[in-house]
Number of protein chains: 4
Amino acid sequence: MHLQSTPHFSALTNDFHAAFLEFVGTFLFLLLGLGGIQTAQTLSVLDTVSTSDTQRFLYISTSMGLSLLVSAWLFLRITGGVFNPNVSLSLMLVGAIRPVRCVLFCVAQLVGGIAAAAVVRGLTDGSLRVNTALAPQTSPAEGVFIEMFITSALVLSVLMLATERHQATPFAPVGIGLTLFSGHLFAVYYTGASMNTARSFGPAVVTGFPDPHHWVYWVGPLLGSLLGSGFYSLLKHYRNWVLVMDE
Amino acid sequence: MHLQSTPHFSALTNDFHAAFLEFVGTFLFLLLGLGGIQTAQTLSVLDTVSTSDTQRFLYISTSMGLSLLVSAWLFLRITGGVFNPNVSLSLMLVGAIRPVRCVLFCVAQLVGGIAAAAVVRGLTDGSLRVNTALAPQTSPAEGVFIEMFITSALVLSVLMLATERHQATPFAPVGIGLTLFSGHLFAVYYTGASMNTARSFGPAVVTGFPDPHHWVYWVGPLLGSLLGSGFYSLLKHYRNWVLVMDE
Amino acid sequence: MHLQSTPHFSALTNDFHAAFLEFVGTFLFLLLGLGGIQTAQTLSVLDTVSTSDTQRFLYISTSMGLSLLVSAWLFLRITGGVFNPNVSLSLMLVGAIRPVRCVLFCVAQLVGGIAAAAVVRGLTDGSLRVNTALAPQTSPAEGVFIEMFITSALVLSVLMLATERHQATPFAPVGIGLTLFSGHLFAVYYTGASMNTARSFGPAVVTGFPDPHHWVYWVGPLLGSLLGSGFYSLLKHYRNWVLVMDE
Amino acid sequence: MHLQSTPHFSALTNDFHAAFLEFVGTFLFLLLGLGGIQTAQTLSVLDTVSTSDTQRFLYISTSMGLSLLVSAWLFLRITGGVFNPNVSLSLMLVGAIRPVRCVLFCVAQLVGGIAAAAVVRGLTDGSLRVNTALAPQTSPAEGVFIEMFITSALVLSVLMLATERHQATPFAPVGIGLTLFSGHLFAVYYTGASMNTARSFGPAVVTGFPDPHHWVYWVGPLLGSLLGSGFYSLLKHYRNWVLVMDE
């Protein structure tokens, strides 16, 4: 991904344009993804035949994984298809985007999450049922560590598949979407598998922050950004560690 | 996608040939896709162990997503694998096909949908159970907006992945099929997730238009065509907005 | 796919070698695929929590689709990864392989199906539960037509994705496997979704031909071979119909 | 995959670095994969609506398949993304890595499995429920043969897709992950579908070896390594058998 400015405009104007398009892309990603979660949660309430949690979580994981896969693919050549403030932070930390763009992207992505959650609530009936929350037996500390680990996997997938240039780069969104899918299959029961503060913040704003542990979805993914970009920087610094990278 | 005429034939003859092949492709897509829906709907009626709605909708989403993925892949190098009058309209609006071809494609796709629905009814027992319909709590206006949003995602996936030329273009059907899959996971419960007037019209013709809100599947996807191709045209017009497109 | 002889050996010796490797590949494909079906069918008998038919058929479709996807990918550069006498016939009809190789392949594939079914029975307990059979309300004629249509889709996917040379050819097994997946989602309830006489013949031999309508799985896929290769030959004959093939 | 030393460091130092990175990658793979299994197993215990075994096994198969797919993709250009002592052994047997690296990789992978199992237990409540075990009616001999067959498929997918150099090599992790997925759909009920001694050994260490048949997961995959690499060596030795390899 080249997210740098071109000579046609001033860099800042370009950053604003890119941030606007990130808003659109994040809206699309979370409209489809949160929409799928809303469907699964609503069906498990309404359905006369009870839906098992296993079914519900498989449906949710598929929905989030595929919505990111396709949204990021559509926007890959427009803005890079980041849609995630934690990934934006990591891209800044490894030097792929400048700080000002990182800030604008984070704002656009958080606002995109709010807009998507509001539209899903507006277009579907009843209350919005897509908030991330901890499972009854999961402590906030456990939640933070789970979010840290799965977010670092997501961050690393962006850095290894999309930021690095190689033959499979045009297909990076497939790997990134499936990483979100895989992270959900592990953590959707324990933490809701946010991996993205915008995904948790949007619905929380729309529903009035019902979860006292909402901070978990800021701290956990933040630590994941640091862990993922730190590991990547280490790999780049000790390039001689990296044995097959320059094929 | 190059859907323009070649010098071998008159342009109109070519358009007729391409439209005939679009009919065959749309028939294949909807034979497999509607066939999968018919299976899921029939099982949920016949099954002694009740099928939850979550299972049924996951089955339907997978069936529609994969049937488009494979059908469009098989026909990508024949006609482009459009199979959707709303996508045909968008291709005309952005200048990828001429108006006469657009009209012929739309007719071929609508007739293909009727043929597929008729064959599915003929080869399976009982009534055809594949009509799109609104959920009990979903208003027609909500249905129109949901169909608009998800159709615009589908249109945008065709424009960004197949019409644009880049390294991943030969794999566009994978992204397009998964976009249909993702749109289904959100909307299959609320509207049936048509995203394609031919997909709704075919079964409606065969079953005698049982749904008083059938117009939703003409208006919603039409608005989605306009939204998707409008956004794409904006991107192309302000190319300097598009920061990573010319890699 | 180039399945022709090389100068190193006589053509016939090469055909025998290729047929032996097709036997190995068909064995692998059906060991995994029929093994997955055996698991799903056994669980639906043994499970204390009843499995709905929708779950069972989704499991079976996934199992068959992925087992062909991976097996054909592994053998793509060895023998082409055909594993299906109906596809072998189509390859001969369009001139991709010679008649003698077609006959040897068909024998190898039928024997591979028997071997896989026997090993699955040997390694799992109880009876083999993987025969294809018609649904209670499905007539043999309906079964023949369903098998004809879905087999022609599978044949066409091999011809368009693997036999034709283009950028996506190395990934043809993905499209071919997902076509089998999609065909299953439609027809697994109605006919068992054979699309491959070797897949039906192997288990039938091992279980003593319990199905009086076994002939459906010879006639239906055979007609599908003819339909698929006929349509493909038409496309090649009238190349000027084919508007985007020579990109 | 080129896993050989570079001139920058002594070969042994490089081997240690690569082994450390294999430890990290195996940890990531099994954190996501075993985490998904833990979720499925926990839900089937806690859920008020009972989860059928079919659902549970589909969830587990998806989780293991996707976690390997994405982890191996992320590490493909770092260490090759092996994460499996049985695959390490096969790579040594066909000459892709030297014996000393094979030993270091096996140790790193076994330790990575222990670490992942320990972290999954630490971050989730209750006991760890991810051990591989034989089904009630499956004998140890049957288990060994099932593991042998499915491991040989996994080994062959690494050798044919990743070790061989061709156009699809950068996408080898997709095929390798889906092979693990397909092997699970067959064997997850009968043996737990290990295909990887590190995947069985890690949880067994953390839970105190509750399974008297744990040796099955050493002997079966070992035989699979030998069978898979033996078949591959045969193919390479009689290159003239291999009819389409040099396209």
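No lab work stands behind these numbers, since they all come straight from the coordinates. Not measured: the values here are computed from a predicted model. Note: ideal-geometry Cβ built from the backbone for every residue, glycine included; neighbour counts use all protein chains shown.
Using a cut-off of under 12 Å, list every residue of the range B:121-138 whose amide N is near the label point 7 Å from the Cα of B:Val45 along the Cα-to-beta-carbon line.
Residues B:121, B:124-131 fall inside that zone.
Between C:Asn14, C:Met148, C:Thr163, whose Cα lies farthest towards the positive end of the dipole of chain C when Lys and Arg beta carbons carry +1 and Asp and Glu beta carbons carry -1, centred on the Cα centre?
Value computed over the given set: C:Asn14.
With θ set to phi - 60°, apply the Karplus curve 6.51 cos²θ - 1.76 cosθ + 1.60 along the range C:30-47 and write out the HN-Hα couplings as whole Hz, x wherever there is a Gly or Pro.
7, 4, 5, x, 5, x, x, 5, 4, 4, 5, 5, 5, 4, 6, 8, 7, 4
Taking the Cβ of C:Ala11 as the center, what net charge do the other residues with Cβ under 13 Å away carry, scoring Lys and Arg +1 and Asp and Glu -1?
Values: positive: C:Arg98, C:Arg101; negative: C:Asp15.
Net charge around C:Ala11: +1.
Per residue of the range D:154-165, what does 6.51 cos²θ - 1.76 cosθ + 1.60 with θ = phi - 60° give for ³J(HN,Hα)? Whole Hz please, x for Gly and Pro, Karplus curve as stated.
Along the range D:154-165, the couplings run 5, 4, 5, 5, 5, 5, 6, 9, 9, 6, 5, 9 Hz.
Using only the alpha-carbon atoms, how far is helix B:197-207 inclined from the longest principal axis of chain B? Give it as 0 to 90 degrees, nearest 10.
Tilt of helix B:197-207: around 40 degrees.
Near B:Ser50, within a Cβ-to-Cβ distance under 12 Å, what is the net charge of the other residues, with Lys and Arg +1 and Asp and Glu -1? Before the final figure, lay out each step's value.
On the way: positive: B:Arg56; negative: A:Asp47, B:Asp47, B:Asp53, C:Asp53.
Residues near B:Ser50 contribute -3 overall.
Calculated from DSSP H runs of 4 or more alone, at -39500 (n - 2.57) each and per residue, what is the 222 nm mean residue ellipticity of chain C, nearest 500?
Details: 8 runs with 159 residues, N = 247.
It comes out at -22000 deg cm²/dmol, rounded to the nearest 500.
Taking only Cα atoms, what is the 0 to 90° angle, nearest 10, from helix B:53-75's long axis to the longest principal axis of chain B?
Between the helix axis and the principal axis of chain B, the angle is about 30 degrees.
Just to confirm the number: angle between the C-alpha axis of helix D:216-237 and the first principal axis of chain D, 0 to 90 degrees, nearest 10?
Compared with the principal axis, the helix lies near 30 degrees.
Suppose you put the label 7 Å out from Cα in the Cβ direction; list, shortest first and in nm with one decimal, how far C:Gly122 is from each other copy's label.
Its label point is 4.6, 4.6, 6.5 nm from the equivalent points in the other copies.
Compute the FRET efficiency between D:Ser233 and D:His166 as 1/(1 + (r/R0)^6), taking r as their Cβ-Cβ distance and R0 = 22 Å, and round to the nearest 0.05.
Values: r = 19 Å, r/R0 = 0.84.
Once rounded, the FRET efficiency stands at 0.75.
I need the phi-derived Karplus couplings for the range A:116-121: 6.51 cos²θ - 1.76 cosθ + 1.60, θ = phi - 60°, integer Hz, Gly and Pro marked x.
After applying 6.51 cos²θ - 1.76 cosθ + 1.60, I find 5, 4, 5, 5, 4, 5 Hz.
Tally Lys and Arg at +1 and Asp and Glu at -1 over the other residues with C-beta under 15 Å from the C-beta of D:Ile150: what net charge comes out?
On the way: positive: D:Arg199; negative: D:Glu142, D:Glu147.
Summing Lys and Arg as +1 and Asp and Glu as -1 gives -1.
Just rank C:Ile146, D:Ile60, fewest to most, by other beta-carbon atoms within 10 angstrom. Mind showing how you got there, number by number?
On the way: C:Ile146 31, D:Ile60 27.
Ordered by Cβ neighbours within 10 Å, fewest first: D:Ile60, C:Ile146.
Give the order of A:Phe201, D:Phe16 when sorted by the count of other beta carbons within 10 angstrom, beginning with the fewest. Walk me through the numbers before you get to the answer.
Working: A:Phe201 23, D:Phe16 17.
Ranking A:Phe201, D:Phe16 by Cβ neighbours within 10 Å, fewest first, gives D:Phe16, A:Phe201.
Taking a spot 7 Å from the Cα of A:Leu12 along the direction of its beta carbon, which residues of the range A:66-88 have an amide N less than 19 Å from it?
none
What is the order of D:Val188, B:Val94, fewest Cβ neighbours within 10 Å to most?
Working: D:Val188 23, B:Val94 18.
The most exposed by this proxy come first: B:Val94, D:Val188.
Looking only at C:Arg129, C:Arg101, C:Arg56, which one moves most when chain C is put into a Gaussian network model with springs between Cα atoms under 10 Å?
So, out of C:Arg129, C:Arg101, C:Arg56, the one fluctuating most is C:Arg56.
How far is C:Ser50 from the same spot in each other copy, in nm, shortest first, if each label point sits 7 Å from Cα toward Cβ?
Distances to the matching label points in the other copies: 1.1, 1.1, 1.5 nm.
Give the shape of the range C:122-195 as rounded, prolate or oblate, defined through the alpha-carbon gyration tensor: a ≥ b ≥ c are the square roots of its eigenvalues, a/c under 1.5 means rounded, and otherwise the shape is prolate if a/b is larger than b/c and oblate if not. Don't skip to the end; give the middle numbers.
Values: a/c = 3.42, a/b = 1.55, b/c = 2.20.
Since a/c reaches 1.5 but b/c is at least a/b, the shape of the range C:122-195 is classed as oblate.
For the protein assembly as shown, give the magnitude of the charge dipole about the Cα centre (Cβ charges: +1 Lys/Arg, -1 Asp/Glu; no others), in debye to the nearest 20.
Numbers: 40 positive and 44 negative charges, 274 e Å.
Taking the Cα centre of the protein assembly as shown as origin, the dipole is about 1320 debye.
Using a 7 Å offset from the Cα along the Cα-to-Cβ direction at both B:Asp125 and A:Ser139, what is the distance between the two label points in nm, to one decimal?
My value for the distance between the label points is 5.9 nm.
What does the copy distance list look like for A:Pro140, label position 7 Å along Cα→Cβ, in nm and ordered from shortest?
Those label-point separations list as 5.0, 5.1, 7.1 nm.
Specify whether the C-alpha gyration tensor of the protein assembly as shown places it in the rounded, prolate or oblate class, a ≥ b ≥ c being the square roots of the eigenvalues: rounded for a/c under 1.5, otherwise prolate if a/b is larger than b/c and oblate if not.
Working: a/c = 1.24, a/b = 1.00, b/c = 1.24.
Rounded, since a/c falls under 1.5.
State the answer as a single residue: which of B:Phe57, B:Leu68, B:Gly25 lies farthest towards the positive end of the charge dipole of chain B, with beta carbon charges of +1 for Lys and Arg and -1 for Asp and Glu, about the Cα centre.
Final value for the positive-end residue is B:Gly25.
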